[in-house]
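These notes concern the structure reproduced below.
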């Protein structure tokens, strides 16, 4: 949507084809039981001035600054996220805290060998026991593979940024919980995170472009190494000079008519993980203070719980009830993916009661299920070897750009995908040679640093890694 928005502003004829019934992808919003909810927690934050200016251009003053409270649930005990050292050690108890600190100290003496996997990366930096308590269960729920099969790239991207245990380490050994990348406040649109992309779609239509919902693209068509258009299942071939694709990379490459067998074979080694969201309406306006919870308890299948009561009051309006989203992850071939909605709602209700967030089952009024295929690109060990020939081939196809979490097989946040879209539009408009594959490769370096506040954009000192 960002790419289309930028192109439409420049007077370019644009058509957007969206397979679902709403724009925004994973960051869309929907109406449910008289309230507005997102597809899980979607916090927008960027220090890139280009991204922030674009976001404010679309949102205007229609946002709130939200104070983030996120906790980790581990065996019915809640830990602040980022962890606070004193609280964590106290709640783990003296015996467990001693094991954690001993295991951490052991890594200084005899570091775990770096083997390119998530487990070794985390253990080397935080100790075996902290890995087992606060990383292993959650990560294996999310990815569906053992942590020794998960590539260290995931840790280097996500944990480096959020510094889950660096806050604990700093507090334990230097007396500070501060870390430059931990964001305690963020800007949130009053109409839900999808409001941004709905407004972009409206701007495209006003500019004479088209945004077609419930219109999946069958395949991108190429000839002699250049894009010629797309095929729609019900309409056939439509010619286009440029195609910007955010469809899952695996689906795109499998259907490209000229893709070499070696490229399609490599692409078959790449996989995505699905998400099931079970929304529960609770007859209470005071379930918890959190925006969302990470569920690390190994005895619960849910991995994350979002509380939409704590984002912006415009979402719930005059409703006295709270909507929670219980998040589950699975593959296409797992029984959970095919489970009936009624069974999923019953499971989510049972697990919610087991967390202790809600104790009276009669307060859980109703449920709603949303299935989202191919949400997370799985960084299985060796994925870069599979991705390299795919990337090289797609770079060679003139007139084709792939972007977003799906399209580029990158674990993007919203700001990364917005930047990808803007840069893709620049490539079309001015013949720029922006490297879209390079977006979301370095979290700590910014061309010009800024942040959104209550009063607008504020400059910050440039941070360099």
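Derivation of every value follows stated rules applied to the coordinates shown; laboratory data play no part. Please read all numbers here as calculations on a predicted model, not as lab measurements. Neighbour counts are summed over all protein chains in view; Cβ atoms, including those assigned to glycine, are modelled from backbone coordinates with ideal geometry.
Post the alpha-carbon centroid distance, the range 387-421 to the range 47-63, in whole angstrom.
Rounded to whole Å, the Cα centres lie 23 Å apart.
Provide the three semi-axes, in whole Å and in decreasing order, of the ellipsoid equivalent to the range 93-162 as defined by the square roots of 5 times the Cα gyration tensor eigenvalues.
On the way: eigenvalues 82, 41, 20 Å².
Over the Cα atoms of the range 93-162, the semi-axes work out to 20, 14, 10 Å.
Subtracting the Cα-Cα distance from 0.36 nm times the residue separation, let me have the gained length for residue 458 to residue 340 in nm, one decimal.
Details: separation 118, 0.36 × 118 = 42.48 nm, distance 4.84 nm.
Full-extension gain reported as 37.6 nm.
Compute and list, largest first, the equivalent-ellipsoid semi-axes of the range 310-408 from the alpha carbon gyration tensor, each √(5λ) rounded to a whole angstrom.
Working: eigenvalues 304, 72, 28 Å².
Result for the range 310-408: semi-axes of 39, 19, 12 Å.
Could you order peptides 253-264, 292-303 by the average number of other Cβ atoms within 10 Å of their residues, highest first? Before the final figure, lay out the partial values.
Details: 253-264: 14.7, 292-303: 20.2.
Highest mean packing first, the order is 292-303, 253-264.
Measure nothing but the geometry: give the 0 to 90° angle between the long axis through the Cα atoms of 195-206 and the longest principal axis through the Cα atoms of the chain, rounded to 10°.
Value to nearest ten degrees: 10.
I'd like the FRET efficiency for residue 190 and residue 109, computed as 1/(1 + (r/R0)^6) with the beta carbon distance as r and R0 of 41 Å, rounded to 0.05. Walk me through the numbers on the way to the answer.
Working: r = 53 Å, r/R0 = 1.29.
In this case the efficiency is close to 0.20.
Against the longest alpha carbon principal axis of the chain, how many degrees, from 0 to 90 and to the nearest 10, is the axis of helix 414-430 turned?
It works out to around 20 degrees.
So, in Å, what gap is there between the alpha-carbon centers of the range 256-335 and the range 117-148?
20 Å
With all distinct Cα pairs included, what does the Kirkwood hydrodynamic radius of the range 1-105 come out to in Å, to one decimal, could you say?
Numbers: mean 1/r = 0.0540 Å⁻¹.
Computed over Cα pairs of the range 1-105, the Kirkwood hydrodynamic radius comes out at 18.5 Å.
So what is the calculated 222 nm ellipticity per residue for the chain, using -39500 (n - 2.57) for each DSSP H run with n of 4 or more, over all residues, to the nearest 500 deg cm²/dmol?
Working: 16 runs with 157 residues, N = 465.
One gets -10000 deg cm²/dmol as the mean residue ellipticity at 222 nm.
Suppose a student asked you for the relative contact order of the range 93-162, using Cα pairs under 8 Å spaced at least 6 residues apart; what percent would you report? Could you put the intermediate results ahead of the total?
Numbers: 69 pairs, mean separation 22.9, N = 70.
It comes to 33 percent, rounded to a whole number.
Let's test the formula: R0 of 30 Å, r as the Cβ-Cβ distance of residue 232 and residue 202. What FRET efficiency results, to the nearest 0.05?
Details: r = 23 Å, r/R0 = 0.77.
Computed FRET efficiency for residue 232 and residue 202: 0.85.
Inverting the mean 1/r over all pairs of different Cα atoms, compute the Kirkwood radius of the range 177-303 and quote it in Å.
One decimal place: 19.9 Å for the Kirkwood radius.
Rounded to two decimals, what is the ratio between the C-alpha radius of gyration of the range 355-431 and 2.2 N^0.38 Å?
On the way: Rg = 19.6 Å, N = 77, 2.2 N^0.38 = 11.5 Å.
Its radius of gyration relative to the 2.2 N^0.38 Å reference: 1.71.
Return the distance in nm (one decimal) between the two label points of a simple spin-label model at residue 268 and residue 102, each offset 7 Å from Cα along Cα→Cβ.
Taking the two extended label points, one gets 5.0 nm.
Using only the alpha carbons of the range 246-397, determine the length spanned along each of the three principal axes and report them from longest to shortest in whole angstroms.
58, 33, 25
Just to check, using Stokes-Einstein with a Kirkwood Rh over alpha carbon pairs, what's the diffusion coefficient of the range 287-338 at 20 °C and 1.002 mPa s in µm²/s?
168 µm²/s
Let me know the Kirkwood hydrodynamic radius for the chain, please, with Cα pairs as the basis and the value in Å to one decimal. Walk me through the intermediate numbers first.
Numbers: mean 1/r = 0.0425 Å⁻¹.
Every distinct Cα pair counted, the radius reaches 23.5 Å.
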